[in-house]
Each structure stands twice: as structure tokens, then as C-alpha cells.
1. Please enumerate the residues belonging to the range 107-122 that are among the hydrophobic types (A, V, I, L, M, F, W, C), touching a strand residue (DSSP E or B) at 6+ places or on another chain (Cβ under 9 Å) and assigned to a helix (DSSP H, G or I).
2. Name the one entry in Gly9, Gly13 that is in contact with a Phe, Trp or Tyr (Cβ under 8 Å, 6 or more places away or on another chain), modelled with pLDDT under 65 and among the small types (Gly, Ala, Ser).
3. Could you go through the range 45-55 and let me know if any residue there is of a type outside the set (S, T, N, Q), crowded, with 19+ Cβ neighbours inside 10 Å and touching a strand residue (DSSP E or B) at 6+ places or on another chain (Cβ under 6 Å).
4. Considering the range 59-97 alone, what residues qualify as being under 24 Å from Gly34 (Cβ atoms) and either part of a loop (DSSP other than H, G, I, E, B) or in contact (Cβ under 8 Å) with a residue 60 or more places away in the chain (or both)?
5. Show the residue pairs that are 6+ apart or on different chains and have beta-carbon atoms under 8 Å apart, the first residue being within the range 137-160 and at pLDDT 70 or above, the second being part of a strand (DSSP E or B).
6. How many residues are out of contact with any His (no Cβ under 6 Å at 6 or more places or on another chain) and surrounded by fewer than 16 Cβ atoms within 10 Å (Cβ to Cβ) when one looks only at the range 83-100?
7. I need a count of the residues in the range 91-109 that are of a type in the set (Gly, Ala, Ser) and modelled with pLDDT under 95.
8. Does at least one position in the range 93-108 carry a residue that is farther than 23 Å from Thr138 by Cα and more than 13 Å from the chain's Cα centre (by Cα)?
Amino acid sequence: MESLAHPGGNLTGATNFSLEIAPKRLQLMAELLGSGRRIAVLLNKRSVASNEQASSLRSAAPALGLDLHLAYAGAEEELSPRFTELVQLGVAGLMIGGDPFFNSQAERLGVLSLKHALPTIFQTSMFTAAGGLISYGTSFSELYRLLGLYTGRVLKGEKPADLPVQQPAKFELIINLKTAKALGLTVPDTLLARADEVIE
């Protein structure tokens, strides 16, 4: 790909900025839990993007006053044991890295975070709907709308190389207050005021 504006070849589409906004998720956890806490980040060990994500988050953590612990999982059967290990390590919270594998497991991750009473942030609304505490990321409904429009344009004869990769303008912050109450957490009013949706 030449650039987002001029993808070239037969490639175009939309980006969800998952890697770029990962430090923002870490900041939201720091806001919720306070500085001086140990936060774990779950990354996909089979993803080439995990090193980039780890580097970005390692750089962001000290400024937020967080002690970062990296954990890895790349298969469904590894998820539950990883949550158990993190609870045994005594981490204060968990951030799940952006990754297609984790996206496919969003509901299960929400259930696991509630089952293990571990304050967790991820990128999809399916996660918070399943009991996860916070999600922050691109609006997937908006992403699918953009992709649908592009599909129509390509079917009408436009070349993908002439269509810039779409960049989302809408990011959603969703907070599950039922989960917060179950975890004994008080969500700061400043965080609630910025939420696009609060599950009560």
C-alpha cells in the first residue's frame, strides 16, 4: 500500500485505528483505577502487530503512573487460564489489545472478565454488552456503513486504487455500570460524562 490516501493496486477499505488508540485505552484505565497500579495487557502472541502494540504501551505507561505487565494468548483455550494467572498475579486491571482474534472472542472476554472480577477494557461494544467493564474504539456500525458504501462504488466500476482508505471519525466509549457495581468500583463522573453509552 502506497498510503491511506492512495492505496494503489486493488486495495482499499477502512481502518479501525486499533493500534493507534491503544494508549488512549490505557489512559482510561488509569483514570478509572488511579496511578501507581499494575495493569496487564493481553496481546495475541501470533500477531505481528503485537510487538508494535507492546512498544507503544510501554512508552505510554510511565507517564500514566502505571506498572505494565504483558501477557499473551493466541488461541481460544488459552484465554481462561490467562485470566486466572493475571488474577493470581494481583493485577489491578486488564487491557485487551486490539486484534482480529480478540474481536472474534469479544463476548467470551466480557464474560471472563466478569467471572474473574477483573476490571477490563477492550475495543468493541459486544464486550461491554457481555459484562466487560469498558470499551473504547471505532464505532463498528459506522465502519460497516463506510465499507458498504465502498462496495457499492466498486460494483459500479470505480477502481479500489482510486478510493482512499477510510478513517473513522467516530469513537465510542461505553461503560457497564452494572459491572462496575459488581466489582465495587466507583466510575469517576468525568469518565461517565464522556461516555457515549452507559449500561445500567
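The values are calculated or read from the model by the stated rules, or taken from the named source; none is laboratory data. Since this is a predicted model, take the numbers as computed values, not measurements. Cβ coordinates were reconstructed from backbone atoms using ideal geometry, including for glycine residues, and neighbour counts include every protein chain displayed.
1. Of the residues in the range 107-122, the ones among the hydrophobic types (A, V, I, L, M, F, W, C) are 109, 111-112, 114, 117-118, 121-122.
So of that shortlist, the ones also touching a strand residue (DSSP E or B) at 6+ places or on another chain (Cβ under 9 Å) come out as 109, 112, 114, 118, 121-122.
Once the filter is applied, which keeps residues that are among the hydrophobic types (A, V, I, L, M, F, W, C), touching a strand residue (DSSP E or B) at 6+ places or on another chain (Cβ under 9 Å) and assigned to a helix (DSSP H, G or I), the range 107-122 yields Leu109, Leu112, Leu114.
2. Numbers: Gly9 fails: in contact with a Phe, Trp or Tyr (Cβ under 8 Å, 6 or more places away or on another chain).
After ruling out the rest, the residue left standing is Gly13.
3. Filtering the range 45-55 for residues of a type outside the set (S, T, N, Q) gives 45-46, 48-49, 52, 54.
Among the residues that remain, those that are also crowded, with 19+ Cβ neighbours inside 10 Å are: none.
No - not one qualifying residue is present in the range 45-55.
4. The answer is Ala61, Gly65, Gly90, Val91, Ala92, Gly93, Met95, Gly97.
5. Listed by first residue and then by second, the contacts come to Gly137/Phe122; Gly137/Phe171; Gly137/Glu172; Thr138/Phe171; Thr138/Glu172.
6. Total meeting the criteria: 6.
7. Taking the range 91-109 first, the residues of a type in the set (Gly, Ala, Ser) are 92-93, 97-98, 104, 106.
Now narrow it down to the ones that are modelled with pLDDT under 95: 97-98, 104, 106.
Looking only at that region, the number is 4.
8. Taking the range 93-108 and keeping what is farther than 23 Å from Thr138 by Cα, we get none.
No, because not a single residue in the range 93-108 is farther than 23 Å from Thr138 by Cα and more than 13 Å from the chain's Cα centre (by Cα).
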